[in-house]
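Chemist: I have a structure I would like to understand better, so I am pasting it below and will then ask my questions one at a time.
Please treat every number below as a calculation from the coordinates, not as lab data. Since we're looking at a predicted model, the values are computed, not measured. Methodologically, a virtual Cβ is constructed for each residue, glycine included, from the backbone with ideal geometry; neighbour enumeration extends over all protein chains shown.
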Amino acid sequence: MSFQEEILSDGRFSCITRDPRFWEMPEKERKIKIDKRFRAMFHDKKFKLQYTVDKRGRPVNYTSTENLRKFYALSESDSDLSENESKEHTKKKRKKKKTKPKGEAGS
């Protein structure tokens with residue numbers, strides 16, 4: 001018998017299994033839902049921080065956008081819009097990179 005099973009079978013702690021305060025939060029409810037007004041925070045440079053060390057001073061390659069995606073989610077009605085807009089946003093970036101400066105076109 002494992003340690004957790006012993007605790008749950010003990011009469012003193014049996015109420016823990018029925019008490020909703022000790023239940024795990026469902027996967028759907030873990031993330032905070034935000035609407036379309038704040039969807040720019042997932043791709044805007046103002047919200048992106050590049051971390052080089054963690055809180056204990058160890059080197060790490062980490063950005064704050066990973067935390068944003070971990071804790072926040074777009075609301076259901078806005079998630080379809082954001083996926084389409086993110087695709088359009090990447091297409092616009094690609095088009096900007098392909099354009100040549102005006103002075104170099106004639107050489």
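Chemist: Picking from Gly57, His43, Met25, whose Cα lies most toward the positive end of the charge dipole for segment 2-78 (charges on Cβ: Lys, Arg +1; Asp, Glu -1)?
Modeler: So the residue furthest toward the plus end is His43.
Chemist: A follow-up question, please. With charges only on Cβ, +1 for K and R and -1 for D and E, what is the dipole size of segment 2-78 about its Cα centre, in debye, rounded to 20?
Modeler: Computed about the Cα centre, the dipole is about 680 debye.
Chemist: Same structure, new question: What is the calculated FRET efficiency for Asn61 to Leu8, with r their C-beta to C-beta distance and R₀ = 25 Å, to the nearest 0.05?
Modeler: So the FRET efficiency works out to roughly 0.05.
Chemist: Using 0.36 nm times the number of residues separating Cys15 and Ser75, minus their current alpha carbon distance, what extension gain do you get?
Modeler: 18.1 nm
Chemist: Applying the Karplus parametrisation 6.51 cos²θ - 1.76 cosθ + 1.60 with θ = phi - 60° to the phi angles of segment 39-47, what ³J(HN,Hα) value in whole Hz is obtained for each residue in order, glycine and proline being reported as x?
Modeler: Residue by residue, segment 39-47 yields 5, 5, 5, 7, 10, 7, 5, 5, 9 Hz.
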